Amino acid sequence: MTSPDGVDDDKRATLRRFAALGAASPLVGRADAAAADTGESDARDAIAGYLSTTPGAHFSKIRDDLRLGTGETQHHLRRLEDVGAIERYRDGDYKRFVTAGRFDDFEKRALGYLRRETPRGMLIELLLNSETTAGDLAAALDVSAPTVSKYAGELEEAGLLSRDDGYAVERPETVLVLVVRHADSFGDRARALARNADQFLTYEG
């Protein structure tokens, strides 16, 4: 159904839902200011809110999840970058986006791999059990041993995994915090991990 101003009602509801998700973020305030004179605040606020809950999303995912056009998405992302609200970074063939100033280089790399199904599964399994072997990973994720080996090499090159003595996640508490904080955007296994995250965190008094 289309409203009198020509905007699909389902699309409008999607945009407003994601804008509401990021309402507490200062990012949204900057997005509002950038869009105030153009009447485009719904779409821009939605992108801002979406990225506050789904950091590391690539262009196509942002466009598709928010039901925006390609040109429309490009325009709003560019404007948000121009006002310093978001930043983009290259991850292989992907252009990924995050809230500006919120993540360091390691966290950006981690987010990029957490947005990929098999590497995410590998990292989560290793966070759950540091003794997990390559064979265990292949069985748990229902993938082949060469697939595990391929992604393990990529994760090692990215500085996210050590293979010196079995497999071990580098900066595991940092990766765990990313998974827990944004678990809803990472799927069921991440949500299950988030529910029991206190078992894996180390606190220093």
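For the stretch 164-200, how many residues are under 16 Å from Ile124 (Cα atoms), open to solvent by 50 Å² or more (accessible area, probe 1.4 Å) and in a loop (DSSP other than H, G, I, E, B)?
4
Which residues, taken from the stretch 53-62, are more than 13 Å from Leu111 (Cα to Cα) and either open to solvent by less than 40 Å² (accessible area, probe 1.4 Å) or under 12 Å from the mean Cα position of the chain (by Cα) (or both)?
Answer for the stretch 53-62, where residues must be more than 13 Å from Leu111 (Cα to Cα) and either open to solvent by less than 40 Å² (accessible area, probe 1.4 Å) or under 12 Å from the mean Cα position of the chain (by Cα) (or both): Phe59, Lys61, Ile62.
Among the residues of the stretch 117-136, write down those that are surrounded by 18 or more Cβ atoms within 10 Å (Cβ to Cβ) and among the charged types (D, E, K, R).
Arg120, Glu125
I want to confirm something. Restricting to the stretch 63-80 and keeping residues that are among the aliphatic types (A, V, I, L, M) and assigned to a helix (DSSP H, G or I), which single residue is farthest from the chain's Cα centre (by Cα)?
Leu80
What single numbered condition from (1) over 16 Å from Lys11 (Cα atoms); (2) modelled with pLDDT of 95 or more; (3) assigned by the TED database to the domain that holds Asp10 fails to hold for Thr70?
Result: Thr70 fails condition (1) only.
Give all pairs with beta carbons closer than 9 Å in which a residue from the stretch 73-86 that is buried (at least 16 other Cβ atoms within 10 Å of the Cβ) meets a residue that is hydroxyl-bearing (Ser, Thr, Tyr); count only pairs at least 6 apart in sequence or on separate chains.
Qualifying pairs under 9 Å: Thr73/Ser60; Arg79/Thr38; Ala85/Thr99; Ile86/Thr99.
Looking at Asp91, Asp65 in this structure, which one is surrounded by fewer than 19 Cβ atoms within 10 Å (Cβ to Cβ), touching a Gly at 6+ places or on another chain (Cβ under 6 Å), modelled with pLDDT of 90 or more and not assigned by the TED database to the domain that holds Tyr113?
Asp91
With respect to Arg109, determine if the residue is open to solvent by 40 Å² or more (accessible area, probe 1.4 Å), out of contact with any strand residue (DSSP E or B) (no Cβ under 7 Å at 6 or more places or on another chain) and not in a strand (DSSP E or B).
When the stated conditions are applied, Arg109 passes them.
The values are calculated or read from the model by the stated rules, or taken from the named source; none is laboratory data. The structure presented is a predicted model; accordingly, all values stated were derived computationally and were not measured. Using ideal geometry, Cβ is built from the backbone for each residue, glycine included, and neighbour counts are taken over all protein chains shown. Quick note on the areas: whole protein, heavy atoms, side chains included, nothing else; ligands and nucleic acids left out. Shrake-Rupley method; radii C 1.70, N 1.55, O 1.52, S 1.80 Å.
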